[in-house]
There are 2 protein chains.
Amino acid sequence: MEKKNTVIIGAGLVGSLLSIYLSKRGYKVKIYERRGDMRKQDMVAGRSINLALSDRGIKALEEVGLMDEIRKICIPMHGRFMHNADGSTAYQPYGKEGQFINSVSRGELNCRLMDLAEENGVQIKFNEKCNSIDWKENKIDFEKTDSPQSEKVKANLVFGSDGAYSAARLTHQLQHDRFQYSQYFIDFGYKELNIPAGENGSFMLEKNALHIWPRGNYMMIALPNIDGSFTCTLFFPFEGETSFASLDTKEKVTTFFENTFTDAVPLMPTLTEDFFNNPTSSLVTVKCFPWIREDKFALIGDAAHAMVPFFGQGMNCGFEDCRVLNSLIDKHDDNWSAILNEYQSLRKPDGDAICDLALNNFVEMRDKVADPKFLLQKKIEAAFSKKYPDKWIPAYAQVTFSPHIRYSEALVSGQKQEAIMQQIMALPDIENKWQDEAIEKMILNQLH
Amino acid sequence: MEKKNTVIIGAGLVGSLLSIYLSKRGYKVKIYERRGDMRKQDMVAGRSINLALSDRGIKALEEVGLMDEIRKICIPMHGRFMHNADGSTAYQPYGKEGQFINSVSRGELNCRLMDLAEENGVQIKFNEKCNSIDWKENKIDFEKTDSPQSEKVKANLVFGSDGAYSAARLTHQLQHDRFQYSQYFIDFGYKELNIPAGENGSFMLEKNALHIWPRGNYMMIALPNIDGSFTCTLFFPFEGETSFASLDTKEKVTTFFENTFTDAVPLMPTLTEDFFNNPTSSLVTVKCFPWIREDKFALIGDAAHAMVPFFGQGMNCGFEDCRVLNSLIDKHDDNWSAILNEYQSLRKPDGDAICDLALNNFVEMRDKVADPKFLLQKKIEAAFSKKYPDKWIPAYAQVTFSPHIRYSEALVSGQKQEAIMQQIMALPDIENKWQDEAIEKMILNQLH
């Protein structure tokens, strides 16, 4: 079939990767990006949760031959390092020995992907704002943001990879009858803060971990950067007694942090400046349907399924979208009606599932990880899983380290595991007898 | 406080009624309506479910002195008249003796409301499409649909009463960060069909009832018109074996109707013409938040809370919005910051509740009303309610005949009643012993 003339809206991580997949197949691809070329600009501070690149994302990057280069800017994180309110710390490995996720800078990764896209012949046009899409003609109206021009672009195949607030989705899909759509904001926002490197680029906290300060209703996290610094993110209520709204002076911020994140404060010399200079951003879950129109339009990545960041899967899921789509191009021999149909029917349930898993994980990260009983539960699961690796892969590991398991399968099997573990954890004196053979047998019985 | 200069977007039922409330208070009100003046046009056939005006709507119309006139174009419907698949019929009263809902033409009602609005000094401008709203300036950009003009209108107070697909909501509210929004379409559409009057305007079915042909997964209903005709509405799956998509020839439609709605077909001489000439429309539930912005903008009616039509409450709820808002103007003495805040906090939970009740009622109407056991349950509830009117008002009656009970209260108490009745209906031989004193005692005990 025909190699369609393709336009991608959005040169973010997913749009750039998608363009590489398509151009490697001989498709003529143009990307239109609303922002300027970030490779020519200073990075915008204060708006980037560090990304946690894990196996699904890695698999997709490996397929386009980019992973060896990206690995150089990754810092492995082998587990969660908890900083409890009472000053104690705890550590929970993410998976088995040798399994880890990777802290990587969104900006760096995006720049490398754009470079590779251009090396493969993709043309990226910047400062191009998608104003509207004429659905019948597949004609897109782009307005230059740096000059008073606009351009109507016609394409045979259009992808909307323009993120959680996708213009492709809002201007195009919302025009259609029976478009299922929901955008749901949690009552929490986030703000980026900073722990600079120590002398000679040394790391002031354990380097190879994701740090969490779980505080019940809210939390701070910190991810390592290759320059020795950590990017901290405070996830915090917008309103209420303890909230972004209530911390409205430098004194209040300082007092609050000293009481709440005591061990972190000495490492944060620019705390109050960062707090008031950096924006407070919101956190949204977007679900919609359909993602596609006939053989000529598809949403991909956050534009199709924006999620909160608490499972570290937003980028990984978007990259997996690209990888699955690519495999379907093979399977259906460039027949885009068949490709897009199967893409949607495979990925829609997986997108929904990881959106739900991500929302659930917020409670786990901000609250449960501070509970010794929860950590014991995870220890029991890990021990059982080690002994019976075919019978029990913990839900976190299914999502993070098992790209052959679909998100929708991980959601269901995670719910089943949780039901079993609730019974185990309710046993009297479980703290002391969790290694008994009887417990193992109970779990085994429940699995049948 | 100041009588604000007010613009209402949409001259539908709710916008027109709202303008009357406000103009009676001395507010200067202009309405901008996208369509032409329906009073000067032939009615558009095929797109209007007859409305069921009930006590909440009546109460609001009485307050502006319009109900005596509207009553003349109403036909009381005292209950549901079921036409079962096996040819049998059944009847279920809606409430107690003397309680009924009213079949009324949307077009007629809307015309009278617009007349009354103009009599009260409201200016209605037609063919004015709301293109965008400048939120900071409260300036609205209206484009004439019948000439190449546009106008920027500034107002101190703006209401969006422009229905389920509200431009005020989509162009204005969706611009804001943290706007909670969902639009959910059911997999069913509807199509208007017709049963004409008999000789001398006689009614060919029982006049004072809402007729239902419940068929499990789908249904047809018919409501009486004052000219002796009935407006039928088929609620039917879009896709699937038995669906709008599959009934694609006149022969298929005829065969299907003859097998499925056997007693109705002889009364529908224009069945196949109507089926293929009238549009198939979709059914959406819209929930959003916030409904208001400061002291200057509010959504009202379907624009704030669109619901499926299965509880007959869309208009009644919108009219109640107006009545509640009006009472708050008294309470807060034209202080619009306080008025809109309380309007939102009172009406948002009620809007959500009636949206949910309406979705649930689809299953009841298309499926359960054909089940003798369900009808028995309703009979038991009615009998108990008659004996203990203070202890048990059936959920349907709470919504339909009890405007002093909030929708959100009706939802909760309906769920409690349903749980009790599930236990009662599970008793062996309930068909024969439902009038036993023991049953009555069981219900009484559960109510404490």
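The values are calculated or read from the model by the stated rules, or taken from the named source; none is laboratory data. Note that the structure is a prediction, hence the values are computed from the model and not measured. Neighbour counts are summed over all protein chains in view; Cβ atoms, including those assigned to glycine, are modelled from backbone coordinates with ideal geometry. To get the accessible areas, we keep the full protein, side chains included, count just its heavy atoms, and leave off ligands, DNA and RNA. Shrake-Rupley method; radii C 1.70, N 1.55, O 1.52, S 1.80 Å.
Annotations for the structure displayed:
Here is a yes/no grid of residues against (1) touching a helix residue (DSSP H, G or I) at 6+ places or on another chain (Cβ under 9 Å); (2) farther than 22 Å from B:C317 by Cβ:
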{"residue": "B:P372", "(1), (2)": "yes, yes"}
{"residue": "B:K387", "(1), (2)": "yes, yes"}
{"residue": "B:Y407", "(1), (2)": "yes, no"}
{"residue": "B:A419", "(1), (2)": "yes, yes"}
{"residue": "B:I424", "(1), (2)": "yes, yes"}
{"residue": "B:N432", "(1), (2)": "no, yes"}
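- Residues (farther than 30 Å from A:L61 by Cα and either more than 25 Å from the chain's Cα centre (by Cα) or assigned by TED's automatic domain parsing to the domain that holds A:C322 (or both)) located in the stretch A:382-417: A:A383, A:F384, A:K387, A:Y388
- Enumeration of residues in the stretch B:282-297 that are under 20 Å from the mean Cα position of the chain (by Cα) and surrounded by fewer than 18 Cβ atoms within 10 Å (Cβ to Cβ): B:S282
- Scope the stretch B:277-298; condition in a strand (DSSP E or B) and closer than 14 Å to B:W336 by Cα; matching residues: B:I292, B:R293, B:F297, B:A298
- Filtering the stretch B:339-367 to residues that are open to solvent by less than 20 Å² (accessible area, probe 1.4 Å) and charged (D, E, K, R) leaves B:R347, B:D350.
- Hits in the stretch A:187-203 - residues which are within 24 Å of A:D263 (Cβ to Cβ) and within 11 Å of chain B (Cβ to nearest Cβ): A:F188, A:G189
- Residue under evaluation A:D295, criteria (1) more than 30 Å from B:Y184 (Cα to Cα); (2) in contact (Cβ under 8 Å) with a residue 12 or more places away in the chain, criterion not met: (1)
- All positions within the stretch B:325-338 that are open to solvent by less than 20 Å² (accessible area, probe 1.4 Å) and either touching a residue at least 24 places away in the same chain (Cβ under 8 Å) or under 22 Å from the mean Cα position of the chain (by Cα) (or both): B:L325, B:I329, B:D334, B:W336
- Residue within the stretch B:127-150 that is over 30 Å from A:K287 (Cβ atoms), of a type in the set (V, I, T), at pLDDT below 95 and out of contact with any Cys (no Cβ under 7 Å at 6 or more places or on another chain) present: yes
- The set of residues from the stretch B:176-186 being within 10 Å of another protein chain (Cβ to nearest Cβ) and either within 26 Å of A:P279 (Cα to Cα) or not hydrophobic (A, V, I, L, M, F, W, C) (or both) comprises B:D177, B:R178, B:F179, B:Q180, B:Y181, B:S182, B:Q183, B:Y184.
- Residue, nearest to the chain's Cα centre (by Cα), within the stretch B:138-182, restricted to residues that are among the acidic types (D, E) and surrounded by 14 or more Cβ atoms within 10 Å (Cβ to Cβ): B:D162
- Residue among A:P309, A:P279 that is under 14 Å from the mean Cα position of the chain (by Cα), in contact (Cβ under 8 Å) with a residue 60 or more places away in the chain and closer than 30 Å to A:K250 by Cβ: A:P309
- Every condition in (1) open to solvent by less than 40 Å² (accessible area, probe 1.4 Å); (2) hydrophobic (A, V, I, L, M, F, W, C); (3) under 30 Å from B:P290 (Cβ atoms); (4) in contact with a strand residue (DSSP E or B) (Cβ under 9 Å, 6 or more places away or on another chain) is met by B:I405 except one, and the failing one is (4).
- Failed criterion for A:E192 (all others in (1) among the acidic types (D, E); (2) open to solvent by less than 40 Å² (accessible area, probe 1.4 Å); (3) in the same structural domain as A:S132 (by TED's automatic domain parsing) hold): (3)
- Scan of the stretch A:257-290 for residues that are among the small types (G, A, S) and away from every other protein chain (no Cβ under 14 Å), ordered by number: A:A264
- Sole exception among (1) of a type outside the set (S, T, Y); (2) open to solvent by 50 Å² or more (accessible area, probe 1.4 Å); (3) over 15 Å from A:P214 (Cβ atoms) for A:Q377, by number: (2)
- When the stretch B:218-243 is filtered for residues that are open to solvent by 10 Å² or more (accessible area, probe 1.4 Å) and in contact with a Lys or Arg (Cβ under 7 Å, 6 or more places away or on another chain), only B:Y218 remains.
- Strands (runs of 3 or more DSSP E) wholly inside the stretch B:12-93 that include at least 2 residues being crowded, with 18+ Cβ neighbours inside 10 Å and within 20 Å of the chain's Cα centre (by Cα): B:51-53, B:75-77, B:79-83
- Within the stretch A:389-432, tally of residues that are touching a Phe, Trp or Tyr at 6+ places or on another chain (Cβ under 9 Å) and basic (K, R): 1
- Number of the exception - A:F235 against (1) without any contact (Cβ under 8 Å) to a residue 60 or more places away in the chain; (2) within 21 Å of the chain's Cα centre (by Cα): (1)
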